[in-house]
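**Student:** This is the structure I want to talk about, given as structure tokens.
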Amino acid sequence: MLNKDFPLDAKSVNRLATRGLPMEVLKSQIDESLDLFLALSSAQGLNIVKKQGYYFFDTKYIKLEDAEFCIVDIETNGSKLEKHQIIEIAALKVKNGEIIDRYESLVYVKEINPHITEITGISQEDTLDAPDLKTVMCEFRLFLQDSVFVAHDVKFDYNFISGSMQKVGLPPLYNRALCSLALAERTIVSYRYGLSYLNEFLHLNPTATHHRAMSDVITTYHLFIMALQECKETLNNVEDLIKFSREGARLKRPKFDPLLPKEEE
């Protein structure tokens, strides 16, 4: 997944992730000079490298144990980017299975619907001393850098954060992205794949508080590690993992929910 503002078409993006893109095709789709495009893309979290005359995402050449994954979760005061905003964000940076850094912040907001407070436990008063959205987005951009962006149902978090960055005058995200839900569907047999259900079923995070950002990030971290351990696919690099998470065969789900009590015979 790449931001809709990324200038290259889907076919070219696929070639950057697989067999490489020729210079003439790359140049034909960008408005600025090639050097400027590569520099701007890198600043937005996406490194493109030249190998044997073709251009590739650098993740095509990064082994899983050498890659940095940033596991992210946000809480918002609504689902519509144009009307709502992030009220909490958390992230863990992970390398070779180990947590190497963390980021967490509430975000100042003028109003939180009581329904959202009921779900998250976050009230508007809780955010009074929190930094504003621009400050948090700047801090998170510096934290994320060029890591692979990982989230459970990643499209929502990625697009909401990217759009929030644009709201405060920052460029959108270009980081490569990975969905932990999609990866779990291909590596772990489960009746459902919502994060709360998986946590209960797999005992991922015994102190979880669902719908709080860092708690959900920790749960997702344990799920991500388990999914990698359970994966039977040969994965030589990060792009192999991203492709498998999108295109690999989903495992067959059980017919009955193992968490429901069995009926008495």
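**Student:** Output the number of the condition that Ala90 fails; it satisfies all remaining conditions of (1) assigned to a loop (DSSP other than H, G, I, E, B); (2) assigned by TED's automatic domain parsing to the domain that holds Asn236.
**Tutor:** Against the list (1) assigned to a loop (DSSP other than H, G, I, E, B); (2) assigned by TED's automatic domain parsing to the domain that holds Asn236, Ala90 comes up short only on (1).
**Student:** Would you check which residues across segment 105-131 are touching a residue at least 24 places away in the same chain (Cβ under 8 Å), not aliphatic (A, V, I, L, M) and not in a helix (DSSP H, G or I) and list them?
**Tutor:** Scanning segment 105-131 gives Ser105, Tyr108, Glu111, Asn113, Gly121, Pro131.
**Student:** Going residue by residue through segment 95-103, is there one that turns out to be in the same structural domain as Val168 (by TED's automatic domain parsing), more than 19 Å from Ile161 (Cα to Cα) and free of Cβ contacts under 8 Å to residues at least 12 places away in the same chain?
**Tutor:** Yes: segment 95-103 contains one or more residues that are in the same structural domain as Val168 (by TED's automatic domain parsing), more than 19 Å from Ile161 (Cα to Cα) and free of Cβ contacts under 8 Å to residues at least 12 places away in the same chain.
**Student:** Oh, and also: Does Thr234 satisfy the condition of being of a type in the set (Val, Ile, Thr) and under 13 Å from Ala184 (Cβ atoms)?
**Tutor:** No: the conditions fail for Thr234.
**Student:** Among the residues of segment 1-44, which ones are without any contact (Cβ under 8 Å) to a residue 12 or more places away in the chain and loosely packed, with under 11 Cβ neighbours inside 10 Å?
**Tutor:** Lys4, Ala10, Lys11, Glu24, Ser28, Ser33, Asp35
**Student:** Which of the residues that make up segment 185-207 are in contact with a Ser or Thr (Cβ under 7 Å, 6 or more places away or on another chain) and either surrounded by 19 or more Cβ atoms within 10 Å (Cβ to Cβ) or free of Cβ contacts under 8 Å to residues at least 12 places away in the same chain (or both)?
**Tutor:** Once the filter is applied, which keeps residues that are in contact with a Ser or Thr (Cβ under 7 Å, 6 or more places away or on another chain) and either surrounded by 19 or more Cβ atoms within 10 Å (Cβ to Cβ) or free of Cβ contacts under 8 Å to residues at least 12 places away in the same chain (or both), segment 185-207 yields Arg186, Leu195, Leu198, Asn199, Leu204, Asn205.
**Student:** Quick one: is Gly78 of a type outside the set (A, V, I, L, M), in contact with a Phe, Trp or Tyr (Cβ under 9 Å, 6 or more places away or on another chain) and at positive phi?
**Tutor:** No.
**Student:** On to the next question. What pairs come up if the first residue lies in segment 162-178 and is closer than 20 Å to Tyr108 by Cβ and in contact (Cβ under 8 Å) with a residue 12 or more places away in the chain, the second is buried (at least 24 other Cβ atoms within 10 Å of the Cβ) and small (Gly, Ala, Ser), and their beta carbons are under 9 Å apart, counting only those six or more places apart or on different chains?
**Tutor:** Pairs that qualify, where the first residue is closer than 20 Å to Tyr108 by Cβ and in contact (Cβ under 8 Å) with a residue 12 or more places away in the chain and the partner is buried (at least 24 other Cβ atoms within 10 Å of the Cβ) and small (Gly, Ala, Ser), are Leu170/Ser164.
**Student:** Please verify whether Asp31 is over 29 Å from His152 (Cα atoms) and assigned to a helix (DSSP H, G or I), treating the condition exactly as stated.
**Tutor:** No: the conditions fail for Asp31.
The values are calculated or read from the model by the stated rules, or taken from the named source; none is laboratory data. This one's a predicted model, so the numbers in the text were calculated from it and none came from an experiment. Note: ideal-geometry Cβ built from the backbone for every residue, glycine included; neighbour counts use all protein chains shown.
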